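Enquirer: This is the structure, below, for whatever I ask next.
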Amino acid sequence: MKLYFLGTAGGRTVTFKKIRNSGGILLKDKSLIHIDPGPGAFVYFFNTPFEPWKDLNAVVLSHLHLDHSADVNTILESATESGRRKGVKLFAPADALKGEHRVVLPYIQRLVETHTLEEEKSFQINEITLKVLHKHTHHRVEVYSLLFENPEGKKVVYIPCGRFEEYWLEHLPQGADLMIFNATFYRKRPHIDHLSVEDVIKILREKKPKKAVITHYSKEMLLKNPLKVAKEISSQTGVETIAVEDLSVVEV
Ligand SMILES: [Zn+2]
Ligand SMILES: [Zn+2]
């Protein structure tokens, strides 16, 4: 599997003052999956070898916040050729699809096969199995950690925004090939529902994946220099940790 990190912004300032790009992650096996198409995702998609209407099989939203979902409608309009290309799948929490906070327009939902994410549910995206691991506490919206597994058994875990809680450790797999962390903060902040470096270190020590990625940087993280932070995490955990940049590609 190959992962294309379209953007690495996290937090209000870095995202909406465009200090880094946003746009989420493309996961490529035989199929192509767009995870969290935030602001600019449609434009940055074309910095990869792919075209949505030829290559994209599914979009997965971890949660409805705009830094994760702003371009979801545009990406799906393009991937479905406005409804002519059938079989594109959309996975999202219920509150991203229904109710006053929904972010996927109803007419766009009708162009795709829409599935609601729920804890412990599994889905098939052609050869890729998507497993919903656990729900996060994150500013009153539904967020899920996700596992993507290909037929060769390669496992990629995506841990999006949220407050780390001990029960996560019961749901996260041991020895995955890659764990991607939205490690927004360096320092732990008890009143903000985001991951910190301390949380990442705790999870890595316990779960020992083969490799880890940090992304979704706040201004604080950028000031700390993500490359240095990744080295610090690697040396404290023994897990090779990569601080991705906009348009980094990571292979597992
Ligand atoms: Zn969020
Ligand atoms: Zn976020």
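Each reported figure results from applying straightforward, stated rules to the coordinates on display, with no laboratory input. Nothing here was measured: the structure is a model prediction, and the numbers come from that model. Ideal geometry is used to build each Cβ from the backbone, glycine not excepted, and the neighbour counts take in all protein chains shown.
Enquirer: Compute the Cα gyration tensor for the stretch 116-214, then decide on rounded, prolate or oblate, letting a ≥ b ≥ c be the square roots of its eigenvalues: rounded whenever a/c is under 1.5, prolate when a/b is larger than b/c in the other cases, and oblate in all that remain. Walk me through the intermediate numbers first.
Expert: Details: a/c = 2.24, a/b = 1.38, b/c = 1.62.
Oblate shape, in that a/c is at least 1.5 and b/c is the bigger or equal ratio.
Enquirer: How much length is gained on full extension from E170 to L66, taking 0.36 nm per residue of separation minus their Cα-Cα distance? Before the final figure, lay out the partial values.
Expert: On the way: separation 104, 0.36 × 104 = 37.44 nm, distance 2.91 nm.
Here the answer is 34.5 nm.
Enquirer: Moving to a separate point now. Please give the contour-minus-distance gain from T116 to H191: 0.36 nm per residue of separation, less the Cα-Cα distance, rounded to one decimal in nm. Before the final figure, lay out each step's value.
Expert: On the way: separation 75, 0.36 × 75 = 27.00 nm, distance 2.87 nm.
Contour length minus the Cα-Cα distance gives 24.1 nm.
Enquirer: Share of Cα-Cα pairs in the stretch 2-251 beyond 25 Å, in percent?
Expert: Values: 11222 of 31125 pairs.
Across the stretch 2-251, Cα pairs with separations above 25 Å total 36 percent.
Enquirer: I've got another one for you. Based only on other Cβ atoms within 10 Å, what is the fewest-to-most ordering of E245, E142? Please report the intermediate quantities before stating the final value.
Expert: On the way: E245 14, E142 21.
Least to most surrounded, the residues fall as E245, E142.
Enquirer: Next question. Please check: in the Gaussian network model of the chain (C-alpha springs, under 10 Å), which one of H138, H216, H101 has the largest mean-square fluctuation.
Expert: Highest fluctuation of the listed residues: H101.
Enquirer: Calculate the all-directions average of the projected area of the stretch 8-157's alpha-carbon convex hull, and give it in nm². Could the numbers behind the result be given before it?
Expert: Numbers: hull surface 34.3 nm².
That works out to 8.6 nm².
Enquirer: Next question, about the same structure. For E127, project a label point 7 Å along Cα to C-beta. Then give me every residue of the stretch 34-66 with its amide nitrogen under 16 Å of that point.
Expert: Flagged as within label range: 55-58.
Enquirer: If you don't mind, there's one more thing I want to ask. Once you list every other residue whose beta carbon is under 15 Å from the beta carbon of K155, what net charge do they have if Lys and Arg are +1 and Asp and Glu are -1? Please report the intermediate quantities before stating the final value.
Expert: Numbers: positive: K2, K131, K154, K207, K208, K210, K211; negative: D29, E127, E149, E152, D177, E251.
Counting the neighbours of K155, the net charge comes to +1.
Enquirer: Treating the beta-carbon of each Lys and Arg as +1 and of each Asp and Glu as -1, no other charges, what is the dipole magnitude of the chain about its Cα centre, to the nearest 20 debye?
Expert: Working: 35 positive and 32 negative charges, 89 e Å.
That gives the chain a dipole magnitude of about 420 debye.
Enquirer: Using a 10 Å cut-off around each Cβ, can you sort E220, E118, E149 from fewest to most neighbouring Cβ atoms? Each step should come with its number before you reach the end.
Expert: Working: E220 16, E118 12, E149 21.
Lowest to highest Cβ neighbour count: E118, E220, E149.
Enquirer: Also, I was wondering about something else. Given the options S31, H68, N47, identify the residue whose Cα lies farthest towards the positive end of the charge dipole of the stretch 2-251 (+1 on Cβ of Lys, Arg; -1 on Cβ of Asp, Glu).
Expert: Going by the Cα projections, it comes out as N47.
Enquirer: Could you work out how much longer the chain between T48 and K208 gets when fully extended? Use 0.36 nm per residue separation minus the Cα distance between them, nm to one decimal.
Expert: Using 0.36 nm per residue and subtracting the Cα-Cα distance, I get 54.6 nm.
Enquirer: Given the chain, what percent of its DSSP beta bridges are antiparallel, to the nearest 5?
Expert: Details: 26 of 51 bridges.
Among the beta bridges of the chain, antiparallel pairing accounts for roughly 50 percent.
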